[in-house]
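A quick write-up on the structure given underneath.
FYI, it's all coordinate maths here, none of it is from the lab. Just so it is clear, the model here is predicted, and its values are computed rather than measured. Neighbour counts are summed over all protein chains in view; Cβ atoms, including those assigned to glycine, are modelled from backbone coordinates with ideal geometry.
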Protein chains: 2
Amino acid sequence: MRPVGNGVTAAAGFLAAGVSAGIKPSGKPDLALVLSETRAAAAAVFTRNQVQAVPVVISRQRIRHGQARAVLINSGCANCLTGTPGRSDALAISRAVEQALSVRSSEVLLASTGIIGQRVPVAQIVRAIPGLVEHVDRAHHTAAAEAILTTDLQVKEVALQAQVDGRTFSVGGMAKGAGMIAPSMATMLCVVTTDAAVPAGLLRTLLVEAAAVSFNRITIDGDMSTNDSVFLLANGQSGAAIRPGQRSARVFSQALTRVMTELALLLVKDGEGATRLLHVEVIGARTTEQAQVCARQVACSPLVKTMLAGGDPNVGRIAAAVGSAPITMDPRRLDIDIGGQMVVRRGAVVPVSRTVAAQLLQADEIAVRINLHVGHGSGRMTTCDLTEDYVKINARYTT
Amino acid sequence: MRPVGNGVTAAAGFLAAGVSAGIKPSGKPDLALVLSETRAAAAAVFTRNQVQAVPVVISRQRIRHGQARAVLINSGCANCLTGTPGRSDALAISRAVEQALSVRSSEVLLASTGIIGQRVPVAQIVRAIPGLVEHVDRAHHTAAAEAILTTDLQVKEVALQAQVDGRTFSVGGMAKGAGMIAPSMATMLCVVTTDAAVPAGLLRTLLVEAAAVSFNRITIDGDMSTNDSVFLLANGQSGAAIRPGQRSARVFSQALTRVMTELALLLVKDGEGATRLLHVEVIGARTTEQAQVCARQVACSPLVKTMLAGGDPNVGRIAAAVGSAPITMDPRRLDIDIGGQMVVRRGAVVPVSRTVAAQLLQADEIAVRINLHVGHGSGRMTTCDLTEDYVKINARYTT
């Protein structure tokens, strides 16, 4: 496997575009299209929130066909809690894409991100679609990645190449998401494309598996969005054939997981107000599930996350988060280390010098390892610090 | 029932004191004693965190006897994650109290609050105890209430009088807690005293019931402390007898619940960085439990809490929090109002004018009512906003 450029158009036969349709008052790009030149197998995972945006409801229905040609994404408006009119809006926008591309409605996937409860400006979007379609190009992957951003500061693109049976294929993607990032679901907007040939059923299985260890292992603020969607399109143009139960499926799965994991880490790094990453690893848990629950509890604790922002270790906060998790544990066996430095040993804090303490949380990425010593389950979560800027951004993100 | 002064010494036969033992580097008061002149029936509820401070472990054991004379509380050091030495420290401190008061160890209850992982300065505390005991007085309730504070800005005292069978009794208490306040447990330090005569078993039942609808219905940051304890002492000096299943038990329960609810609201009002209260009421849920889970999910959402800080309504955040709760709901039936103004009706946002929107979140206390329309369960939670000051306070609260 080797990293390559081009993000969501790294794979052969994929094109992208991003334009300003005037949805965002700032005039920034807000409409993106990812297009496969040929019909692609397609899979998706969506938010588990029971309140779901209109595009999620529509795309969830369409993805059952297991194939797609295009993904249209707008930022600036979530099209959620908009009732029947919101559904008509989304269908009108989809029709404009279908007409401009001469594809069936079942081949167009939709996603939106932005303010909840406002109608999308249908006329503006419909007007922008012919220009958007005209702009699609393999070179325009970054324009597309820009057009899906909201409070993100950075464009998020990852791509790599791998080989099966002597054939090289690519997997590449783009993502957005800086707040409302929760650990228990699909978590944000992401489009991944590949020119490997993957049957739709296998594609879905591998996507769900990869999401479980990538996007579902990060948290920024624990809030669960109404719009989160991850799309995966495979058009087979590389000739690399991926088959269930064979080595090719393992290679493809590894490449997919790596692309999605790197995109997930880019999301946390660009978390609203974030200045540091925290990797929480739990080992010695009764079960894998308990390890994951414990890692999540620590990664979601506001006191742990503000400690990280301050860079001032207060290991009791980590232990308190562990103890509040609904898991089997014995405080007298608890070990915690930070960056390899043992700070809690058998349930008691290990005194460290002020110099050592002052260094513990100063790096850009901090690794905390928690050993429960009650079994062999392990799990991990990555989060960012909770800073004053997070509050500023979210107190002022406006109606 | 009528409010009276004197907090934790409002009830006859209770004395209190607060002094500086030098635990806090600032020199602020950090050691408090509440004393009943005569042996009192006693009950307590503690944190459900599996990592528990030494005083919690000791007091949990002692309270099984159902009686107590004294509660000793220190702030500035949690005595948690301190291993066997921490236990010896706490027992040495308890012995000093037992000797100064000539009481048995089983009659002394202990609580600590402050930094986790540091040893308590035993010698200093032991030295301060004779002076503390000398200071106890009915007039010193506020000194005691001050000595238990950490990052709190305000002393928290509440007391009231009620009558049963022509006899007047008092219930009064003090509390502390401004961060690490979680909704699913006892939640902070609190001592409530009464001169009613209540059998220990009934006392415990009524305490658990009152905690469920007071301290367990507030949240500041969702973090669960290792040290939370609520103590209730009843010395019977008023002659008012409280009997199970009788009207007297209902009257006492009402008085207790009101004192604890008012103390709980004082905690949220003094939440770290808090500027506004949010009362979340959920009705029309499938069950009472589901209503409570839903109310908690909304009250714990960082996006809802930062919205409150900004004073800028973004009702989608409330709906998203509702949808992420593990409850039975149908988004198409969801109604939400803020301060009586309908903002979501049958799952769609109700457009309101900018003038109305600008007013919705401007009051000091905001009421949000969520109607799920799927049953008759109801529940409520009170929380505060999440401000930049919360982050400042917790990023800098130091080792």
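Determine the sum of side-chain charges near A:V356: Lys and Arg each +1, Asp and Glu each -1, restricted to other residues whose C-beta is under 14 angstrom from that of A:V356.
Here the count lands on -1.
Within 10 Å of each Cβ in A:298-311, how many Cβ atoms from other chains are there, averaged over the peptide?
So the per-residue partner count for this stretch is 5.
Once the other residues with Cβ under 9 Å from the Cβ of B:G311 are scored (Lys, Arg +1; Asp, Glu -1), what is the net sum?
With Lys, Arg at +1 and Asp, Glu at -1, the net is -1.
If you line up the long axis of helix A:247-269 against the longest principal axis of chain A, both from Cα atoms, how many degrees apart are they, to the nearest 10?
Tilt relative to chain A: about 70 degrees.
Sort B:D312, A:D364, A:D137, A:D30 so the one with the fewest other Cβ atoms within 10 Å of its own Cβ comes first.
A:D364, A:D137, B:D312, A:D30
Taking θ = phi - 60°, what integer Hz values does the Karplus form 6.51 cos²θ - 1.76 cosθ + 1.60 yield along region B:367-384, in sequence order, with x for Gly and Pro?
10, 10, 10, 10, 10, 7, 6, 10, x, 10, x, 9, x, 8, 9, 10, 9, 10
Give, in whole angstrom and from largest to smallest, the semi-axes √(5λ) of the equivalent ellipsoid of region B:18-78, with λ running over the eigenvalues of the Cα gyration tensor.
After diagonalising the Cα gyration tensor, the semi-axes are 23, 18, 7 Å.
Taking 30 Å as the cut-off for C-alpha to C-alpha distance, list the pairs among A:K156/B:K269; A:K156/A:K305; A:K28/A:K392; A:K392/B:K28; A:K156/B:K305; A:K28/B:K392 that go past it.
A:K156/B:K269; A:K392/B:K28; A:K28/B:K392
Restricting things to Cα coordinates, could you compute the convex hull volume per residue of region A:277-396 in Å³?
With only Cα atoms used, region A:277-396 gives 89 Å³ per residue.
How large is the translational diffusion coefficient of region A:84-131 in µm² per second when you combine the Kirkwood radius over alpha carbon pairs with Stokes-Einstein at 37 °C and 0.692 mPa s?
290
Taking the Cα centre of the protein assembly as shown as origin, work out the dipole magnitude from +1 charges on Lys and Arg Cβ and -1 charges on Asp and Glu Cβ, in debye rounded to 20.
For this selection, approximately 1520 debye.
Just to confirm the number: angle between the C-alpha axis of helix A:122-135 and the first principal axis of chain A, 0 to 90 degrees, nearest 10?
Approximately 80 degrees, to the nearest 10.
Among B:H376, B:H141, which comes first, then next, by fewest other beta-carbon atoms within 10 Å?
Ordered from fewest to most neighbouring Cβ atoms within 10 Å, B:H376, B:H141 come out as B:H376, B:H141.
Sum up the charges of everything whose Cβ sits under 13 Å from the Cβ of B:P244, counting Lys and Arg as +1 and Asp and Glu as -1, but leave B:P244 out.
+3
Return the whole-Å distance between the Cα centroid of region A:302-347 and the Cα centroid of region B:86-124.
When both Cα centres are located, 25 Å separates them.
Share of antiparallel DSSP beta bridges in region A:277-396, in percent to the nearest 5?
Rounded to the nearest five, the antiparallel share is 70 percent.
Would you order A:I366, B:I327, B:I73 from fewest to most other beta-carbon atoms within 10 Å of each residue's own beta-carbon?
Final ranking by Cβ density, sparse to dense: A:I366, B:I327, B:I73.
I'd like the antiparallel share, as a percent to the nearest 5, of DSSP beta bridges with both residues in chain A.
70
Could you give the Stokes-Einstein D for chain B in µm² per second, using the C-alpha Kirkwood radius, 4 °C, 1.567 mPa s?
Using the Kirkwood radius from Cα pairs, D works out to 60 µm²/s.
Mind putting a number on the dipole of chain B about its Cα centre? Charges go on the C-beta only, +1 for Lys and Arg and -1 for Asp and Glu, and I need it in Debye to the nearest 20.
Dipole of chain B, to the nearest 20 debye: 760 debye.
Hey, what number do you get for chain B at 222 nm if only DSSP H runs of n ≥ 4 count, each worth -39500 (n - 2.57), divided across all residues, to the nearest 500?
It comes out at -10500 deg cm²/dmol, rounded to the nearest 500.
Measuring from a point 7 Å out along Cα→Cβ, what nm distances, shortest first, does A:R243 have to its partners in the other copies?
The answer, with the shortest distance listed first, is 8.5 nm.
For the protein assembly as shown, build the convex hull from the C-alpha positions and give me its volume per residue in Å³.
Cα-based convex hull of the protein assembly as shown, divided per residue, equals 149 Å³.
What angle, in degrees between 0 and 90 and rounded to the nearest 10, separates the Cα long axis of helix A:200-213 from the longest principal axis of the Cα atoms of chain A?
The two axes meet at around 30 degrees.
Considering only DSSP beta bridges whose two residues both sit in the protein assembly as shown, what percent are antiparallel, to the nearest 5?
The antiparallel proportion sits near 70 percent.
Which of the aspartates and glutamates could be linked to A:K24 by a straight reach, that is with a Cα gap under 16 Å, when you skip same-chain ones fewer than 8 residues away?
List returned: A:E146, A:D152.
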